[in-house]
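The values are calculated or read from the model by the stated rules, or taken from the named source; none is laboratory data. The model shown is predicted, which means the values in this text are computed figures rather than measured ones. Every residue, glycine among them, receives a Cβ derived from its backbone with ideal geometry; neighbour counts consider all protein chains shown. When the accessible area is computed, the model is the full protein with side chains, heavy atoms only, and any ligands, DNA or RNA have been set aside. Shrake-Rupley method; radii C 1.70, N 1.55, O 1.52, S 1.80 Å.
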Amino acid sequence: MLPIPTQSTYRLTNARIPAALLADPESELIRQPIAHLSASRLEEDLVAVEIEIRDGQIAALYGQGDRSDSDLPSIDLKQGMVWPCFVDLHTHLDKGHAWMRSPNPNGTFDDALDAAKGDKKHWDIEDLYRRMEFGLRCSYAHGTQAIRTHLDAGGDFFNSSLQAFLKLREEWRDRISLQAVPLLPLDYYLTPEGEALADQMAAHGGLLGGVSFGNPDLDEPLDRVFALAQERGLDLDFHTDESLNPDHQSLRAIAKTAIRRQFAGRIVCGHCCSLSVQSPEDADTTIRLVKEANIGIVSLPMCNLYLQDRHPGRMPRLRGVTLLHELKQQQVPVAVASDNCRDPFHAYGDHDGLEVFAQSVKIAHLDRPHRDWCRTVTRTPAELMGLPQVGQIGTGLEANLILFKARNFGELLSRPQSDRTVIRNGKAIDTTLPDYSELDDLMGDRV
């Protein structure tokens, strides 16, 4: 970690910020325009700046050397990159860190479903709270500021999950913004219990959502969940087409429903794997509808690469990652996220936004050029979560930053950056990760 000054006002000099992560100087979110910002760009579209931090906020951004006469305490970043904190748009905190007691022996999607179902016998409030908090501590130490988690619903365990979530949301409200979405088949919303669930999520400031792929008739349940959301002013978030069957086209059905109902809330669709194996014509038709419906897409490259096209004893042929480039070319907002961590759906992961981005760059070729793909774990998911002041760097915004010694994307993506410095409200935080042994007593004799 870098030796960040303890004073309330100090400067970060000789810094490099990806241009795509700078807030718009004309935005109403910025209290004053960026002063003297250097127009010179380094390779990979980085901007050389000095950052003045005062009382937990970014007081000013200057072109490098413009304030060399300042007598403020300062630290020379030596051309190191500065990012805003990460935003993790799609996670499963309730399932996380249960792999040791509920492993997935074959690594397939069906076996993951079975293992996760069996693990629910352990899901009391203490078990859920501790595993979910473990995930939050990892996220915070790595530099994450906001998380949306899906919570399995439709069973007795949901009340425990929701209570654990609400307790954590309150305890962590000054460190991580937390949002929750129920995860269950969309047919559930056609029942009285489904309406009660919608009321429950509205009462607790949540969203509505569910699983939509392979359903023979989506029209009625989709219409119902949209109606419930509209009546309560809730946003929507769906698990969509998480398969490699080209006939699974619920993303198109969701877009058509949103257009027909003139839905004004935010919609996020996750996974969308089947889009990657559809004909170019079919995919293009769906993407155009997604754009018209104002839907954001979140891809989960690490988990999808782990699960999709897995057959024991056979080399996988397909990546299972949706058409990020084609979606982005049509100006559809795209993000990438952690998804599952150390549970039956994904044996690995550590809630690290940089790992998600680095793996996504390699899996989905989000480089040559890098352009603004860095927004996929920062600014874009923040906007899709309704957090307009998060995930970007600008005058007047809170000083929630990640400082890397890496001087460019090549260096950033080649190492884990375990020595990163995380600043929250202008102060460096402890980035020590929790020890796995803390959860040993929850794993039984599997450890």
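Please give the FRET efficiency for Ala196 paired with His311, using the beta carbon to beta carbon distance and R0 = 60 Å, rounded to the nearest 0.05.
Numbers: r = 41 Å, r/R0 = 0.68.
E between Ala196 and His311, to the nearest 0.05, is 0.90.
On the basis of the beta-carbon distance and an R0 of 25 Å, Arg368 and Gln331 show a calculated FRET efficiency of 0.75.
Applying a threshold of 26 Å to the alpha-carbon distances of Lys95/Lys167; Lys120/Lys328; Lys95/Lys256; Lys117/Lys291 flags Lys120/Lys328; Lys95/Lys256; Lys117/Lys291 as lying beyond it. Here the Gaussian network model covers the chain, with springs between Cα atoms less than 10 Å apart; of Glu133, Glu383, Glu281, Glu281 fluctuates the most.
Taking the Cα atoms only, what angle lies between the long axis of helix 280-292 and the longest principal axis of the chain, rounded to 10 degrees? On a 0 to 90 degree scale, this one is about 70. The label-point distance for Gln230 and Ser279, in a model that sets each label 7 Å from Cα toward Cβ, rounds to 3.3 nm. With the highest mean first, a sort of the peptides 419-427, 145-153 on other beta-carbon atoms found within 10 angstrom per residue produces 145-153, 419-427.
Rolling a 1.4 angstrom probe over the protein heavy atoms, how many square angstrom per residue are accessible across the range 128-209?
Working: 2820 Å² over 82 residues.
Using a 1.4 Å probe on heavy atoms only, each residue of the range 128-209 averages 34 Å².
Per-peptide packing, taken as the mean over residues of other Cβ atoms within 10 Å, places 333-340, 93-100 in the sequence 333-340, 93-100 from highest down. Hey, what angle do you get for helix 353-364 against the long axis of the chain, alpha-carbon based, 0 to 90 degrees rounded to 10? It is inclined by approximately 70 degrees.
Put the Cα centre of the range 162-199 next to the Cα centre of the range 364-392 and the gap is 25 Å. Listed by chain and number, the aspartates and glutamates placed with their C-alpha closer than 13 angstrom to that of Lys362 amount to none; residues fewer than eight positions away on the same chain are left out. Mean residue ellipticity, 222 nm, helices only, the chain: the sum of -39500 (n - 2.57) across DSSP H runs of n ≥ 4, divided by residue count and rounded to 500, is -9000 deg cm²/dmol. Summarising the amide proton neighbourhood of Ile393: residues at separation of 5 or more, or on other chains, whose placed amide H is nearer than 5 Å comprise Leu22, Ala23. Amide H to amide H distances under 5 Å link Ser74 with Arg11, where only residues 5 or more positions off or on other chains count and H is placed in the peptide plane. Quick check: the angle from helix 109-119's long axis to the longest principal axis of the chain, C-alpha only, nearest 10 degrees? That helix lies at roughly 90 degrees to the long axis. Between the amide H of Leu151 and those of Val181, Leu183, distances stay under 5 Å, these residues lying 5 or more places away or on another chain, with hydrogens modeled in the peptide plane.
Say R0 is 25 Å: what FRET efficiency, to the nearest 0.05, do Arg260 and Leu113 get from their beta-carbon distance? Before the final figure, lay out the partial values.
Working: r = 32 Å, r/R0 = 1.27.
Once the sixth-power term is evaluated, E becomes 0.20.
Cross-link partners for Lys78 among the lysines, with Cα-Cα distance under 18 Å and sequence neighbours closer than 8 places in the same chain left out: Lys405.
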